[in-house]
Amino acid sequence: MGATKATIGILFGGCSNEYPVSLHSAAAVMQNIDPGRFDVVAIGIDRSGGWHRYDGDVQSIENDSWLETARCTPVALPFGREARGLIDLSTGSLVRLDAALPILHGRNGEDGSVQGALQLAGIPIVGCGVTGSAVCMDKTVSHRIATAEGISVPEGALVDISMSKLEMHHIAQRIGYPLFVKPPREGSSMGLSRVESPDSLARALADAFAYDSEAILEREIDGSEIGCAVLESGRTLIVGEPDEIELNGTVFDYAEKYSCETANIIVPARIAERDAQRVKRAAMRLFRALGCTGFARIDFFLANDGRLLFNEANTIPGFTAHSRFPSMLKAAGLSLEEVLNIAIEEALTTAQEPSDARLLAYA
């Protein structure tokens, strides 16, 4: 008799501006997960926040017709760590899950909220838990931690929507142009603008404030954008080959991230080996310092003057055909199926350990 397969819930969709990206990432995950090792329960979260068990085909997830297929059953998370599953609201029965892999980009999915709900239901989380998710989602907080760790960050300042326009202009003038304006708690470069002069600042701030009540003003770095994939396995860290974003425009925005019409992602990055090693060491150090578990993508700027500066950490990186995270690990010799195997097994083997104990172990 063969070993019993673990049942893994794959969460997709969600109440986020990045809902469409989640569908493509989740479809890629479901197409690459090892059916010989894991049974999959697809859990779709619609745009209004309703949870559904989905029993249809993957293509309907990709084209966003999954809710229209009559293959959905409403489900809910029970609160009680002994539950370890979902309640099927049509029958009242429990759908047991050995672990759940949230593929929910952006707010209400990548910020620790869903991770907290899963934790309260006693469901082990594949990937980052509550602490790492919440910390990394807030760029201001993650930058403060990086600075405390002795890792440089771009010069910048946080402004609030209640500030006067004059005050914000003075702050921007002090930082210097060109600069970037972005919301501190949003993903996929949403609300991001490059500002070359004071004349464009008001519009950029309005774009950022459409997503958040605060905005980060950050000086542009003359150099390259470099990323590093980090995957946890048995308390050790596996790093991918760093990648490099080659821009033909000036901003790697939402459209470019998921279409790459003019930008190119180059793996491995065209940097010296000593710089690649610096990136890998800094990525592993930040992974621990930011409270990450499971996997994450850590992004940097490599300035032309040689400085390495932390940009941001992405705790649920994309898994689409254009996504950087699986490409970097592929360059290091791991297929997407192998990456998923490692991440899921890591969650299953550490399921009995309290999150606080894991963080203390890395202190």
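At 7 Å along Cα-to-Cβ for each site, give me the label-to-label distance between residue 163 and residue 144 in nm.
1.6 nm
For residue 330, give me every one of the lysines with a C-alpha distance below 26 angstrom, ignoring sequence neighbours fewer than eight places off in its own chain.
5, 257, 280
What whole number of Å gives the distance from the Cα centroid of the stretch 37-86 to the Cα centroid of the stretch 276-340?
29 Å
Cross-link partners among aspartates and glutamates for residue 165, C-alpha distance below 19 Å, same-chain residues fewer than 8 apart left out?
Partners found: 196, 199, 207, 212, 214, 218.
Suppose R0 equals 35 Å; then what is the FRET efficiency for residue 48 and residue 119 from their Cβ-Cβ distance, rounded to the nearest 0.05?
Result of the calculation: an efficiency of 0.90.
Spelling out what I want: for every residue of the stretch 322-332, take phi, set θ = phi - 60°, compute 6.51 cos²θ - 1.76 cosθ + 1.60 (Karplus), and round to whole Hz; glycine and proline get x.
Working through the residues one at a time gives 9, 6, 7, 4, x, 5, 5, 6, 4, 5, 8 Hz.
How many nm is it between the label spots at residue 197 and residue 64, if each spot is 7 Å from the Cα in line with the beta carbon?
With each label placed 7 Å out from Cα toward Cβ, I get 3.7 nm.
Which far-off residues, 5 or more places away or on another chain, put their amide H under 5 Å from the one on residue 85, with H placed in the peptide plane?
97
Shape of the chain from its Cα gyration tensor (a ≥ b ≥ c, root eigenvalues): rounded if a/c is under 1.5, otherwise prolate when a/b > b/c, or oblate?
Cα axes put the chain in the prolate bin.
Tell me the net charge near residue 342. Cut-off is 15 Å between Cβ atoms, residue 342 excluded, with +1 for each Lys or Arg and -1 for each Asp or Glu.
-3
Spelling out what I want: for every residue of the stretch 165-174, take phi, set θ = phi - 60°, compute 6.51 cos²θ - 1.76 cosθ + 1.60 (Karplus), and round to whole Hz; glycine and proline get x.
3J(HN,Hα) across the stretch 165-174, in whole Hz: 4, 5, 5, 5, 5, 5, 5, 5, 5, 5.
Could you derive backbone 3J(HN,Hα) for the stretch 20-29 from the dihedral phi with the Karplus parameters 6.51, -1.76 and 1.60 (θ = phi - 60°), listing whole Hz in sequence and x where the residue is Gly or Pro?
3J(HN,Hα) across the stretch 20-29, in whole Hz: x, 5, 4, 4, 5, 5, 5, 4, 5, 5.
What lysines could a cross-link reach from residue 139, if we take a straight Cα to Cα line under 17 Å and drop same-chain neighbours fewer than 8 places away?
Qualifying lysines at Cα under 17 Å: 182.
Modelled label-to-label distance, residue 71 and residue 177, 7 Å Cα→beta-carbon offset: nm?
Taking the simple label geometry, residue 71 and residue 177 are separated by 5.3 nm.
Which stretch or stretches of the stretch 1-40 have amide N atoms under 15 Å from the point lying 7 Å from residue 108's Cα along the Cα→Cβ direction?
Residues 12-23 fall inside that zone.
Where does the chain land at 222 nm, in deg cm²/dmol rounded to the nearest 500, when only DSSP H runs of n ≥ 4 count, each adding -39500 (n - 2.57), divided by all residues?
-9500 deg cm²/dmol
Bear in mind these aren't lab numbers, they're just calculated from the coordinates by the rules spelled out. Given the structure is predicted, the values throughout are model-derived calculations rather than measurements. Quick reminder, even Gly has a Cβ in these numbers, built from the backbone with ideal geometry, and neighbours come from all protein chains shown.
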